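Novice: I have a structure here, written as structure tokens, and I will follow up with some questions on it.
The values are calculated or read from the model by the stated rules, or taken from the named source; none is laboratory data. No experiment lies behind these values; they were computed from the predicted model shown. Every residue, glycine among them, receives a Cβ derived from its backbone with ideal geometry; neighbour counts consider all protein chains shown. Calculation scope for accessible area: heavy atoms of the full protein, side chains included, ligands and nucleic acids excluded. Shrake-Rupley method; radii C 1.70, N 1.55, O 1.52, S 1.80 Å.
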Amino acid sequence: MITEPLLSSPKGGIRALFFIIANEALERLASFGLSTNMILYLTREYGMDAASGAQILFLYSAAGNFMPIIGAFLADTYVGRYPMIGFGCIASLLGMVLLWLTTIIPGATVPSCAQFSSICNNDATTPQLLFLYFCLGLMSIGAGGIRSCSLAFGADQLSKRDSLKHAGILESFFSWYYVISSASVFISMTCVVYIQEAMGWKVGFGVPVVLMILSTLSFFLASSIYVKPKAKASWLIGFARVLVASFRKRRIELSSLDTDELYHHRKGSALVVPSERIRFLNKACVIKNPEEDLMPDGRASDPWSLCTVDQVEELKALIKVIPIWSTGVLVSVNVCQNSFLLLQASTMNRHITSKFEIPAGSFYAFLLLSATMWIALYDRVIIPLASKITGKPTRLGLKQKIGIGILVSAASMAVLAIIERVRREIAIREGISDIPDAVTHMSAMWLLPFYFLLGFSEAMNGVGLNEFFYTELPKSMSSVASNLFSIGLSAASLVASFIVSNVRGFIGEANQESWVSSNINKGHYDYYYWLLSSLGFANFIYYLACSKAYGPCKGGQRGITGDVREGLIDDDDDDDDDYDDDVV
């Protein structure tokens, strides 16, 4: 039950959340509505081959997933969350408007070519490409500004209240935030993509512009009622200080230091002595001369020369989880194949009835449906049933979930390779191998087993990794944990681009058709998928080694949302004086 103070307070509260959630939902509707079908726009209107278009989108995805890290750092350290979201809204809107203008202004694109044609001489000029890259860059920067701070800014509107009394409200906010965000992505991949297919690029790109205008208005209309925290030190600065202090004290001999008094620790902290792993970093918290290194109140006189034991151990915890984190990159590479999957679906029969045809770009929505279904089945059916059978609470361990996700992800690419081989053979048998945009009689519904398996992989690996980060890293690093998965997605896009570039260059020479040829019937996308599958199985072996080296987890069965909630509330309880409701 929501109590009166949340509704009657002049700043923050439930009413502010509606505007923040609307801003994020509309932004995702707009941006995913553009990016889902972008490979078709690049190939049809810019004369690009499929591999070149995919590489551009891989880089765009990498930037979109990495920019929130930069946005979070700038917001936390310098500008604050409210100005960062506002800047993101304006940058995204400008990028979308300029991209929409390419569909209107004559000469902004090249004359149309046949879809995915390998014989197209209408290459885009350098100014046309630079303008395109500028638009995509603005959209990436804007997404980074909004997504880096939206969730935390929403929590700011509630976290000033009593933590016990309103913890349930904050947890509900997290749940609804993710549900609405996911629903927005699903709608964009179905409705917005359908509009682009049915009404063309001018209307199809104009709709996201209108949605982004509504998103921007939604955010700024409630400006006067937001709680606006001031910027403060970022965790990145804390990590940098540990590294700098360790380097400055690199000549110190640690073997002779065996008393607690020689280490600087936070007042009231349970950590008074650093651990023995990665001992070099311990030098950062060594007190060489108490009179010079410490101020009268016990703080370090130079935080770049002396850090606390807590700071050192936080960096060690991050370093320790990096090998497990790296195993998720190749799993995300498989998720990044939307451009090629769209190409595959576009050459298959997508009719549900004689008059209704599913847009090729909408098939990726089956991945969202599959992942959501598996998460619900796991939590509401499989776990209760297993617990009832065994007579005790039963859950998969975090390492087991992550490992199963990696293995199933590799298997899903093997299934996709088999599907593509059958599709290619049908195209050859039907005599349409020289027509790149010809549609075979094979139903696109054959792609659903792949999405079914990949969704299960996401439900296991994606959720497992996020929970692993939250439970294994200290509570004070909840913001770090929330960003690690996004960094992995960014790295995956770069890795995917690297793989495509090498496959295209190495196997497409000597008059041999590339595996990822623009003519999907002439290429061998099945070989490309087998390559990804093989890398996935190798990644599973690498994961087993990383998992064994990591050792036992701390527990792994605590609630993710609970950890985030506690971290946010604790942080705000320590920084009550950092709020300035009048900051713009």
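Novice: Look at Leu164 and say whether it is modelled with pLDDT under 85, of a type in the set (A, V, I, L, M), open to solvent by 20 Å² or more (accessible area, probe 1.4 Å) and over 20 Å from the mean Cα position of the chain (by Cα).
Specialist: On the way: modelled with pLDDT under 85: yes; of a type in the set (A, V, I, L, M): yes; open to solvent by 20 Å² or more (accessible area, probe 1.4 Å): yes; over 20 Å from the mean Cα position of the chain (by Cα): yes.
Criteria met by Leu164.
Novice: Follow-up question, since we're still on this one. Go through (1) crowded, with 21+ Cβ neighbours inside 10 Å; (2) more than 24 Å from the chain's Cα centre (by Cα); (3) not hydroxyl-bearing (Ser, Thr, Tyr) one by one and return the number of the condition Lys230 breaks.
Specialist: Every listed condition holds for Lys230 apart from (1).
Novice: While we're looking at this one, here's another question. Could you tell me whether any residue of region 103-125 is part of a helix (DSSP H, G or I), modelled with pLDDT of 90 or more and surrounded by fewer than 19 Cβ atoms within 10 Å (Cβ to Cβ)?
Specialist: In the first step, residues of region 103-125 are kept if they are part of a helix (DSSP H, G or I); the result is none.
Scanning region 103-125 turns up no residue that is part of a helix (DSSP H, G or I), modelled with pLDDT of 90 or more and surrounded by fewer than 19 Cβ atoms within 10 Å (Cβ to Cβ).
Novice: Taking interchain pairs and intrachain pairs at least six residues apart, which have beta carbon atoms under 6 angstrom, with the first residue in region 70-95 and under 19 Å from Ser31 (Cβ atoms) and the second among the hydroxyl-bearing types (Ser, Thr, Tyr) and outside any helix (DSSP H, G or I)?
Specialist: So the pair list comes out as Gly71/Ser148; Ala72/Ser148.
Novice: Quick one: Arg350 ticks every box in (1) under 24 Å from Gly33 (Cβ atoms); (2) open to solvent by 40 Å² or more (accessible area, probe 1.4 Å); (3) at pLDDT 90 or above bar one, so which box is it?
Specialist: Status for Arg350: all satisfied but (2).
Novice: Could you pull out every one of the helices (runs of 4 or more DSSP H) wholly within region 256-347 that has 3 or more residues that are assigned by the TED database to the domain that holds His524 and under 21 Å from Pro474 (Cα atoms)? Break it down stepwise before answering.
Specialist: Working: elements: 290-293, 309-335, 338-346.
The helices (runs of 4 or more DSSP H) meeting that bar are 309-335.
Novice: Please count how many residues of region 272-302 are open to solvent by 50 Å² or more (accessible area, probe 1.4 Å) and not small (Gly, Ala, Ser).
Specialist: Taking region 272-302 first, the residues open to solvent by 50 Å² or more (accessible area, probe 1.4 Å) are 273, 276-280, 288-292, 295-297, 299, 301-302.
With the extra rule that they be not small (Gly, Ala, Ser), the set shrinks to 273, 276-280, 288-292, 295-297, 299, 302.
The number of residues fulfilling the criteria is 16.
Novice: Please specify each residue of region 39-50 satisfying the condition of being over 15 Å from Val110 (Cα atoms) and surrounded by fewer than 22 Cβ atoms within 10 Å (Cβ to Cβ).
Specialist: Residues satisfying the conditions do not exist here.
Novice: Where the second residue is in a helix (DSSP H, G or I) and the first is among the acidic types (Asp, Glu) and lies in region 512-532, which pairs have Cβ atoms under 6 Å and are six or more apart or on separate chains?
Specialist: Asp526/Ala417; Asp526/Glu420; Asp526/Arg421
Novice: Can you pull out every residue in region 508-567 that is more than 18 Å from Ile418 (Cα to Cα), charged (D, E, K, R) and at pLDDT 85 or above?
Specialist: Lys548
Novice: Please pick out the residue among Phe468, Phe537 that is in contact (Cβ under 8 Å) with a residue 12 or more places away in the chain, assigned to a helix (DSSP H, G or I) and under 21 Å from Thr372 (Cβ atoms). Steps first, please.
Specialist: On the way: Phe537 fails: under 21 Å from Thr372 (Cβ atoms).
Criteria check complete, one pass: Phe468.
Novice: Starting from region 371-393, take each residue that is within 13 Å of Phe456 (Cα to Cα) and list its partners that are of a type in the set (A, V, I, L, M, F, W, C) and in a helix (DSSP H, G or I), counting only C-beta distances under 7 angstrom and pairs at least six apart or across chains.
Specialist: Once the first residue is within 13 Å of Phe456 (Cα to Cα) and sits in region 371-393, its partners that are of a type in the set (A, V, I, L, M, F, W, C) and in a helix (DSSP H, G or I) give Ala371/Ala459; Trp374/Phe456; Trp374/Ala459; Ile375/Ala459; Ile375/Val463; Tyr378/Ala459.
Novice: Also: Starting from residues that are small (Gly, Ala, Ser) and closer than 24 Å to Ala365 by Cα, keep the ones in region 443-481 and report whichever is nearest to the chain's Cα centre (by Cα).
Specialist: Going through region 443-481, the residues small (Gly, Ala, Ser) turn out to be 443-444, 455, 457, 459, 462, 464, 476, 478-479, 481.
Filter once more, so that each one left must be closer than 24 Å to Ala365 by Cα: 443-444, 455, 457, 459, 462, 464.
Details: Ser443: 31, Ala444: 27, Gly455: 16, Ser457: 16, Ala459: 15, Gly462: 10, Gly464: 15 Å.
Top of the filtered list is Gly462.
Novice: Going by the conditions given, is Glu253 modelled with pLDDT under 90, closer than 30 Å to Thr36 by Cβ and either outside the structural domain of Met96 (by the TED database) or of a type in the set (D, E, K, R) (or both)?
Specialist: Working: modelled with pLDDT under 90: yes; closer than 30 Å to Thr36 by Cβ: no; either outside the structural domain of Met96 (by the TED database) or of a type in the set (D, E, K, R) (or both): yes.
When the stated conditions are applied, Glu253 does not pass them.
Let's see how each residue does on (1) touching a strand residue (DSSP E or B) at 6+ places or on another chain (Cβ under 7 Å); (2) part of a helix (DSSP H, G or I); (3) over 30 Å from Ala72 (Cβ atoms); (4) open to solvent by 30 Å² or more (accessible area, probe 1.4 Å):
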| site | (1), (2), (3), (4) |
| --- | --- |
| Lys388 | no, yes, yes, yes |
| Leu396 | no, no, yes, yes |
| Gln400 | no, yes, yes, yes |
| Ala410 | no, yes, yes, no |
| Glu420 | no, yes, yes, no |
| Pro436 | no, no, yes, no |
| His441 | yes, no, yes, yes |
| Met445 | no, yes, yes, yes |
| Pro449 | no, yes, yes, yes |
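Novice: Right, here's the next one. Among Ser148, Ser92, Ser140, which is modelled with pLDDT under 90, in the same structural domain as Phe32 (by the TED database) and crowded, with 20+ Cβ neighbours inside 10 Å?
Specialist: Numbers: Ser92 fails: modelled with pLDDT under 90; Ser140 fails: modelled with pLDDT under 90.
That would be Ser148, the only listed residue that is modelled with pLDDT under 90, in the same structural domain as Phe32 (by the TED database) and crowded, with 20+ Cβ neighbours inside 10 Å.
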